[in-house]
Amino acid sequence: MTTFDAETERMILANQANWDARTPIHVASAFYGLDGSRPAASWLADYEWADLGDLDGVDLLHLQCHLGAETIALAERGARAVGLDISGESVRQARRLAADRRLDIEYVRADVYDAVGAVDGRTFDIVYTGKGALCYLPDLDPWASAVAQLLRPGGALYVVEFHPLLYALGVVPPKDGGEELTLRGDFLSGRGAEERDATRTYTDGPALTEATVAYEWRHELGEVVTALAGAGLRVDTVREDPRLPWPRWSSMVQDATGWFTLPADQPRIPLLYAVKAVR
């Protein structure tokens, strides 16, 4: 179990409350396609499926799973899936969504740092996480240590995360209309927690009326890889991807895979990265 100073613990609890508050909005939103308008499998990129391989009968743990959209997709491919999230409301809704689909998915409410105890010391063939998860972790070293303990020998962590460059970019409306991307924030980490006004979430829907403050910690790609290596994992694969599973900016266009990229006349830049690390 990892303990932090009182101020960091306060921030973690604020994030938990914020995710509890935003969960009903996410459930009602069209963003995740929970109404059947979007296949759960479409939240994973083609290279994710290739890197993960055959999931039939594989014991898999999805850390920071939220509503379990990807957990559902992984279970539909045959994985014996367990989802873990700090938000009790997210876990409650994830259980309902899995039951509605008649999928046998176990969900556990716990802080990711306490995951080893929360799953009673069980180990897994694959630990999966990402797409907006690591920014809620103040320290990656104990996270990587927990992941190593959750993996069986030969098991693999697969993390797919938003690239630090994505977080650094912002929109400046040009004078001739449209939008122009420019560097608006830090690409590198090191400034500590960033307090965010989380009154509005990233999906459609109403504003939150409570728990409207959240905290994020920026983590460089090198920081992630170094933490995993420090925990004794062998980094097997590192990928960078110019696509996102949803349009972050209005100028993005949908490609043949159903994911979104910047227009062809704009620079090709990484928006996602993936790391596979083996115990």
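The values are calculated or read from the model by the stated rules, or taken from the named source; none is laboratory data. For clarity, every value in this text was computed on a predicted model and none was experimentally measured. Note that each Cβ is placed from the backbone with ideal geometry, even for glycine, and that neighbours are counted across all protein chains shown.
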Report, by residue number, each residue of the stretch 233-260 that is within 15 Å of E179 (Cβ to Cβ), touching a residue at least 12 places away in the same chain (Cβ under 8 Å) and not charged (D, E, K, R). P247, W249, S250, S251, F260
Can you tell me which residue among D125, D104 is out of contact with any helix residue (DSSP H, G or I) (no Cβ under 7 Å at 6 or more places or on another chain), part of a loop (DSSP other than H, G, I, E, B) and closer than 22 Å to A75 by Cβ? D104
For the stretch 35-46, give me each residue that is in a loop (DSSP other than H, G, I, E, B), surrounded by 15 or more Cβ atoms within 10 Å (Cβ to Cβ) and touching a residue at least 12 places away in the same chain (Cβ under 8 Å). L44, A45
Could you please let me know if L228 is of a type outside the set (S, T, N, Q) and under 15 Å from A277 (Cβ atoms)? yes
The residue from L74, L52 that alone is buried (at least 24 other Cβ atoms within 10 Å of the Cβ) and under 17 Å from V159 (Cα atoms) is L74
Per the filter on the stretch 252-279, residues outside any strand (DSSP E or B) and in contact with a Leu (Cβ under 7 Å, 6 or more places away or on another chain) are M252, W259, I269, P270, L271, R279
Among residues of the stretch 14-34 being among the hydroxyl-bearing types (S, T, Y) and not in a helix (DSSP H, G or I), the residue nearest to G258 (Cα to Cα) is Y32
Quick check, is G154 among the small types (G, A, S), modelled with pLDDT of 95 or more and part of a strand (DSSP E or B)? yes
I'm trying to understand the selection: among the residues of the stretch 179-199, which are assigned to a loop (DSSP other than H, G, I, E, B), at pLDDT 90 or above and touching a Ser or Thr at 6+ places or on another chain (Cβ under 9 Å)? A193, A198, T199
